[in-house]
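Bear in mind these aren't lab numbers, they're just calculated from the coordinates by the rules spelled out. Predicted model, so just to flag it, every value in this text is computed and none were measured. Reconstructed Cβ throughout: ideal geometry from the backbone, glycine too, with neighbour counts over all protein chains shown.
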Amino acid sequence: MGAAHARALVSHGAKVVIGDVLDETGQALADELGAEAEYIHLDVTNERDWARAVELAVSRFGGLSVLVNNAGIVNLGAIGEYSRDQWDLIVAINLTGPFLGITAARDALVASAPSSIVNISSIAGMMGTPNQHGYTASKFGVRGLTKSVGGELAPFNVRVNSVHPGVIKTQMTANLDLEDMLGPLGRAAEPEEVANLVVFLASDESSYSTASEFVVDGGTLGAFTAVDEV
Ligand SMILES: NC(=O)c1ccc[n+]([C@@H]2O[C@H](COP(=O)([O-])OP(=O)(O)OC[C@H]3O[C@@H](n4cnc5c(N)ncnc54)[C@H](O)[C@@H]3O)[C@@H](O)[C@H]2O)c1
């Protein structure tokens, strides 16, 4: 999904720094996007990587006005089988990652205000799912962090919102049987359908929205049971 966000932001005139731990894939995307994009190795659990990524955005493009916290993993297990290691790993990437990103980017975002932070949560940040304990907790955490930071940075004209996708066709869902997970619209979404929302939240078009949740889930949260009842 991050690649779709980068492409959409560039197509709307942004310059982007792309960070990932998959250096070849990330560099290939930056090459595709040309002069408007730079790739940097960024493990979101690493504070030094974050500092370098922010520094690159400021030195290469003259400032930083948008941060999209997109990196995430999923792991599964029933209580009793789901391990402490699984929990620690998912919380580190999905929740501590955005916290470290926001911490590293704060001053640059304030300096470039009006600015926007877009935190990619999930519908798992709105409801519980069996066997998804770490994922659910981390995505609720992202939603909460969005609100505390949103209130704190509002006086600096830095807006902070969370995005809550449903089932999106990416590597993360490539090996899952999606049929049982689909909402009323009856299909999984393309990453671009989330990217459109990210562009809106990144831009001044969403100038009055902060500390809020934005759902893009084909109706799952709003009317999930309706599918079976029709
Ligand atoms: N695909 C879905 O249906 C769906 C639904 C709701 C929310 N989301 C969320 O959207 C975001 C993107 O998910 P996706 O579906 O594109 O997943 P994906 O697995 O296709 O991509 C995730 C990306 O995060 C990167 N990543 C993993 N650990 C990292 C780390 N420590 N540092 C930096 N990068 C790291 C991976 O290398 C990969 O490029 C995630 O936060 C995910 O939880 C996905």
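For this structure, a couple of remarks:
- MRE, 222 nm, helices only [DSSP H, n ≥ 4, -39500 (n - 2.57), over the chain, to nearest 500]: -13000 deg cm²/dmol
- Peptide ranges 10-16, 30-36 listed from the most packed, as the mean C-beta count within 10 angstrom indicates: 10-16, 30-36
- Note on the chain: GNM, Cα springs under 10 Å; of S116, S209, S59, the largest mean-square fluctuation is that of S59.
- Of the residues T136, T103, T210, the one that moves most in a GNM of the chain with alpha-carbon contacts below 10 Å is T103.
- Gained length - L221 relative to A113, 0.36 nm times residue gap less alpha-carbon distance: 35.6 nm
- Between helix 23-33 and the chain: long-axis angle, C-alpha atoms, 0 to 90°, nearest 10: 70
- Modelled spin labels at E24 and A78, positioned 7 Å past Cα toward Cβ, are 3.9 nm from each other.
- Across the options L153, L29, F99, the greatest Cα extent toward the positive end of the charge dipole of the chain (unit charges at beta carbon of Lys, Arg, Asp, Glu) belongs to L153.
- Label-to-label distance, K169 versus N46, with points set 7 angstrom from Cα along the beta-carbon direction: 3.4 nm.
- Compared with the dominant principal axis of the Cα atoms in the chain, helix 97-111 is inclined by about 40°.
- Cα-Cα P(r), the chain, percent of pairs per 10 Å interval: 8, 32, 38, 18, 4, 0
- Springs join every pair of Cα atoms under 10 Å in this Gaussian network model of the chain, and among A195, A104, A28 the largest mean-square fluctuation is at A28.
- Peptides 169-181, 85-97 ordered by packing proxy, namely the average of other Cβ atoms within 10 Å per residue, highest first: 85-97, 169-181.
- For V68, nonlocal amide neighbours, meaning residues 5 or more places apart or on other chains whose placed amide H falls under 5 Å from its own, are V118.
- Net charge, H164 excluded, C-beta distance under 9 Å - Lys, Arg +1, Asp, Glu -1: 0
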